[in-house]
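Here's the structure, in structure tokens; my notes come after.
The values are calculated or read from the model by the stated rules, or taken from the named source; none is laboratory data. Keep in mind the model is a prediction, meaning the values are calculated, not measured. We place every Cβ from the backbone using ideal geometry, glycine too, and count neighbours over all the protein chains shown. Heavy atoms of the whole protein, side chains included, go into the accessibility calculation; ligands, DNA and RNA do not. Shrake-Rupley method; radii C 1.70, N 1.55, O 1.52, S 1.80 Å.
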Protein chains: 2
Amino acid sequence: MPIYQATTSAPVNIACIKYWGKRDTKLILPTNSSLSVTLDQDHLRATTTSRADPSFEKDTLWLNGKEEVIADGGRLATCIREMKYLRSQLEQQKPDAPKLSTFPVHICSFNNFPTAAGLASSAAGFAALVASLAALYELPATPSELSRIARQGSGSACRSLFGGFVAWEMGSAPDGSDSLAIEIAPREHWPDIHALICVVSDDKKGTSSTSGMQRTVETSPLLQHRIGTVVPARMKAISDAIRARDFDTFASLTMQDSNQFHAVCLDTDPPIFYMNDVSRAIIAVITEYNRIALETTGKRKAAYTYDAGPNAVIYTPKENVREIVELIVRYFPQAEKFKDPFSLFGVAGVGEGKLPEGFNERVAKKFDVGAVKGLIHTRVGDGPRKLGDDEALLAASGLPKTLA
Amino acid sequence: MPIYQATTSAPVNIACIKYWGKRDTKLILPTNSSLSVTLDQDHLRATTTSRADPSFEKDTLWLNGKEEVIADGGRLATCIREMKYLRSQLEQQKPDAPKLSTFPVHICSFNNFPTAAGLASSAAGFAALVASLAALYELPATPSELSRIARQGSGSACRSLFGGFVAWEMGSAPDGSDSLAIEIAPREHWPDIHALICVVSDDKKGTSSTSGMQRTVETSPLLQHRIGTVVPARMKAISDAIRARDFDTFASLTMQDSNQFHAVCLDTDPPIFYMNDVSRAIIAVITEYNRIALETTGKRKAAYTYDAGPNAVIYTPKENVREIVELIVRYFPQAEKFKDPFSLFGVAGVGEGKLPEGFNERVAKKFDVGAVKGLIHTRVGDGPRKLGDDEALLAASGLPKTLA
């Protein structure tokens with residue numbers, strides 16, 4: 001009997017217009033549309049191997065080497081069931097196709113970045129899960145169709161089904177059929193967009209985004225205005241900016257929307273805080289950096305954005321990355337050498353650099369080593385990739401290679 | 001020739017419904033109504049002596065022993081001019097009254113709390129200035145009428161013309177004639193309201209409230225919703241809560257409005273931050289304290305509020321102050337012994353106390369000594385007081401006693 005197996009990887013995405021609030025918590029239908037940049041899988045990715053085999057006892061999933069419970073009616077079960085249903089439809093149309101929809105699956109998934117980094121690992125994870133099952137089942141589904149299923153695993157996962165610049169359209173149908181991701185522009189349209197992730201140390205456990213966003217929906221008087229008025233206008237404006245490769249407008253909207261997302265968290269009762277003093281200092285440094293740029297060129301050079309945690313993601317055209325890394329390292333000295341995937345610095349590593357002329361150094365204090373505990377340099381990337389069997393995570397036995 | 005002189009003191013007030021945004025920056029007309037609690041002058045006050053004398057060369061003002069410039073068309077000059085105008089009207093009605101309106105004035109003002117404490121010193125200061133000139137000029141003006149003039153010195157100063165619980169009604173007249181303070185309830189109505197001020201250390205200079213609030217008016221999309229919809233409802237609800245002595249509702253609205261004020265600051269472009277990690281930790285501690293209280297009694301026991309800085313003011317009925325001081329000192333150890341004006345603690349001072357049952361200690365970490373650099377315990381207080389000549393700040397020479 002042949003082995004039915006597929007391996008795919010999927011990217012992380014970081015939103016510029018933030019998703020915060022569900023109108024349907026079961027189907028994961030959002031209260032507003034959102035838009036993100038897909039990051040490069042060369043640096044950050046979730047990889048998943050799925051195998052269907054009638055000899056397997058039950059559907060089983062391992063995440064980073066550890067078996068996860070697939071709870072009845074839970075998000076994992078929903079995604080697997082929906083994918084099997086699509087396969088069963090295909091089997092009805094092609095009676096010769098093997099009845100994979102009736103076989104249990106083994107799924108093995110691995111993130112190449114620490115969960116503790118606070119990056120949106122569930123988005124990449126659910127996108128890789130859905131993409132690998134789609135490959136296993138040889139489904140003709142488009143990324144948008146798959147995004148509808150990934151959305152039910154983790155809302156923002158739907159945006160990881162595309163590369164480049166991706167909108168999650170909130171839709172209006174009660175069954176969620178029109179709440180899915182679409183591509184605003186592929187990476188090739190604007191490959192110059194780089195990202196610097198500042199992993200910020202935090203000594204408190206933040207509110208989970210799932211419970212936090214529902215508390216905001218229930219208690220923030222400002223959220224309704226954001227949903228009804230602000231976001232629709234920003235979605236249009238930032239999509240236009242991306243199409244026009246207008247970084248200044250893109251940056252301005254990205255920062256405003258990050259701040260407004262954290263504003264509605266603060267307007268929640270009791271309030272939710274994700275940013276800390278280090279996050280705020282990074283904002284102060286980037287604000288000053290942009291102030292100088294606006295004064296000299298009339299345009300911003302960088303955009304910070306913060307998800308439900310203290311980490312900053314700084315978007316910038318590639319030409320500025322070197323300057324920004326030097327700035328960040330000046331205020332937030334690093335314990336480890338900067339991993340320099342684009343070879344911006346020589347063997348000497350990141351130096352003191354030169355402050356941009358007129359830069360007011362006193363906008364932030366210099367922090368101790370470890371306040372920013374890591375820097376990751378990446379850029380806009382492509383959508384899920386099909387990988388060869390040599391990259392499969394399951395051994396011949398059907399168990400994770402790490403357990404074999 | 002007789003000496004024409006008067007000395008008054010005026011209180012600090014801390015808003016529960018926040019003033020943030022002017023619709024007229026010259027007349028200081030706000031974009032929304034606000035409401036505050038007046039604090040007790042036994043603990044925090046500005047004292048001002050005004051003297052009118054034809055031999056004085058010009059209007060002169062000393063603040064905390066230092067001469068201040070009275071700039072033409074500035075806020076000080078406006079208040080002095082308006083008060084002289086009221087005096088001149090009185091002189092027209094009473095031809096026998098001395099023509100004090102034509103004499104230069106010497107004004108000497110002193111705050112009994114450090115400006116660095118970040119308390120609203122300008123509110124108490126302008127209230128004391130206006131009240132002392134009103135006493136000097138023997139004006140029949142009501143506190144509301146005086147509040148209209150104090151408002152032009154510093155918006156929130158208008159609320160320091162009354163004791164107890166005070167609303168600043170935004171008004172609608174373009175000339176500001178109906179933008180003034182009114183008493184919602186005197187201190188005697190609800191004398192049980194105490195306040196614990198936590199003076200928080202900060203290593204960055206914040207945005208001034210004058211420039212900050214205008215940036216919010218110009219750039220925050222959420223502010224309009226706050227102004228138009230949220231605040232009017234809250235003004236009514238909190239006034240009702242005060243009249244009913246309903247602390248739970250009072251606390252809930254006070255905290256929500258503090259958070260919403262900081263939310264619109266964050267929604268400003270570039271964003272404005274006043275609270276820091278210490279401020280957020282105090283919020284976490286009070287939120288947990290209230291969670292326990294809500295679970296056991298269904299009612300909140302404390303309310304935090306933050307103005308344009310990192311300091312917390314915690315309102316609570318007197319019976320809870322001891323417990324809250326112990327809680328705060330547990331997380332934020334103090335360098336100096338707690339000044340205990342209400343003799344809550346014995347000679348041993350503040351002890352470890354007992355955590356309320358079920359209190360989750362891990363809502364905040366324990367900070368180093370100095371994170372909260374001082375605690376001030378006070379309570380709801382009365383309005384401006386006329387003081388005797390023995391408390392005058394000007395010497396017989398007409399110069400500040402501190403300079404004599």
(request) Output the residues of segment A:217-252 meeting this criterion: accessible area (heavy atoms, 1.4 Å probe) in the chain alone minus accessible area with all protein chains in place is 20 Å² or greater. (result) A:P221, A:L222, A:H225
(request) Might you report the magnitude of the Cβ-based charge dipole of segment B:193-379 about its Cα centre, with Lys and Arg at +1 and Asp and Glu at -1, to the nearest 20 debye? (result) 280
(message) Rounded to whole Å, give me the distance from the Cα center of segment B:90-142 to that of segment A:51-69.
(response) 80
(message) Can you list the copy-to-copy distances for A:T297, using a point 7 angstrom from Cα toward Cβ, in nanometres, shortest first?
(response) 6.0
(request) State the extension gain, in nm to one decimal, for the chain segment bounded by B:S172 and B:V69, taking 0.36 nm per residue of separation less the distance between their alpha-carbons. (result) 33.9 nm
(request) Measure nothing fancy, just the Cα-based angle from helix B:277-297's long axis to the longest principal axis of chain B, in degrees from 0 to 90, nearest 10. (result) 70
(message) Using 27 Å as the Cα-Cα cut-off, could you pick out the over-long pairs in A:K18/A:K318; A:K18/A:K339; B:K18/B:K401; B:K94/B:K386; B:K205/B:K386; A:K22/A:K339?
(response) A:K18/A:K339; B:K18/B:K401; B:K205/B:K386; A:K22/A:K339
(message) Can you compute 3J(HN,Hα) from phi for each residue in segment B:123-134, using the Karplus curve 6.51 cos²θ - 1.76 cosθ + 1.60 with θ = phi - 60°, rounded to whole Hz and x for Gly and Pro?
(response) 5, 4, x, 5, 5, 5, 4, 5, 5, 6, 5, 5
(request) For every helix of n ≥ 4 consecutive DSSP H residues, a contribution of -39,500 (n - 2.57) applies; sum these over the protein assembly as shown, divide by its total residues, and give [θ] at 222 nm rounded to the nearest 500 deg cm²/dmol. (result) -9500 deg cm²/dmol
(message) Classify segment B:193-379 from the C-alpha gyration tensor, please: rounded if a/c falls under 1.5, else prolate or oblate depending on whether a/b exceeds b/c.
(response) oblate
(message) Sort A:138-151, A:178-191 by the packing proxy (mean of other Cβ within 10 Å over each peptide's residues), most packed first.
(response) A:138-151, A:178-191
(request) Pull up all non-local amide H partners of B:G374: gap of 5 or more, or a different chain, and H-to-H distance under 5 Å with H placed in the peptide plane. (result) B:V199
(message) How many Å² of accessible surface get buried when A and B come together, counting both sides, probe radius 1.4 Å, rounded to the nearest 100?
(response) 2500
(request) Express the accessible area of segment A:193-379 per residue in Å², computed with a 1.4 Å probe while the remaining protein chains stay in the model. (result) 41
(request) Along each of the three principal axes of the Cα atoms of the protein assembly as shown, give the extent in whole Å, ordering the values from largest to smallest. (result) 117, 60, 49
(message) Quick check on packing: order B:6-18, B:309-321, A:386-398 by the mean number of other C-beta atoms within 10 Å, highest mean leading.
(response) B:6-18, B:309-321, A:386-398
(message) Treating the point 7 Å from Cα along Cα-beta-carbon as the label, what are the nm separations from A:S144 to the other copies, to one decimal?
(response) 6.2
(request) Quick one: pull the percent of accessible area on segment A:215-351 belonging to carbon and sulfur, 1.4 Å probe, ligands and nucleic acids left out. (result) 53
(request) Mind giving me the FRET efficiency for B:T142 and B:D42? R0 is 30 Å, r the Cβ-Cβ distance, nearest 0.05 is fine. (result) 0.75
(message) I'd like the orientation of helix B:247-266 relative to chain B: the angle between its Cα long axis and the longest Cα principal axis, in ° from 0 to 90, rounded to 10.
(response) 80
(message) When a/c reaches 1.5 or more, the comparison of a/b and b/c decides; with that in mind, is segment B:1-51 rounded, prolate or oblate per its Cα gyration tensor?
(response) oblate
(request) Would you tell me the mean number of C-beta atoms belonging to other protein chains that fall within 10 Å of each C-beta in B:278-290, as a whole number? (result) 2
(request) Determine, from the Cβ-Cβ distance of A:V369 and A:L403 and an R0 of 51 Å, the FRET efficiency 1/(1 + (r/R0)^6), rounded to the nearest 0.05. (result) 0.85
(request) Express as a percent, rounded to the nearest 5, the fraction of DSSP beta bridges in chain B (both residues included) that run antiparallel. (result) 95
(request) Any chance you could give the angle, 0 to 90 degrees and rounded to 10, that helix A:321-331 forms with the longest Cα principal axis of chain A? (result) 70
(message) At a 10 angstrom cut-off on C-beta neighbours, averaged per residue, how do the peptides B:289-300, B:267-278 rank from highest to lowest?
(response) B:267-278, B:289-300
(message) Using amide H atoms built in the peptide plane, which far-off residues or other-chain residues are under 5 Å from B:R45 H to H?
(response) B:N112, B:F113
(request) Report the calculated FRET efficiency for B:D390 and B:D53 (r = Cβ-Cβ distance, R0 = 25 Å), to the nearest 0.05. (result) 0.80
(message) Please report the net charge: other residues with Cβ closer than 13 Å to the Cβ of A:E352, K and R +1, D and E -1.
(response) +1
(message) Please list 3J(HN,Hα) in residue order for segment B:9-23, calculated via the Karplus relation 6.51 cos²θ - 1.76 cosθ + 1.60 where θ = phi - 60°; whole Hz, with x for glycine and proline.
(response) 10, 9, x, 7, 10, 10, 6, 9, 10, 7, 8, 8, x, 10, 8
(request) May I ask you to give the percent of accessible area on segment A:85-161 that is carbon plus sulfur, with a probe radius of 1.4 Å? (result) 56
(request) Distances from B:A77 to the same position in the other copies: list them in nm, one decimal, shortest first, using label points 7 Å from Cα along Cα→Cβ. (result) 7.6
(request) Take the alpha carbon gyration tensor of chain B, find the square roots of its eigenvalues, order them as a ≥ b ≥ c, and report rounded if a/c is under 1.5; if not, report prolate when a/b exceeds b/c, else oblate. (result) prolate
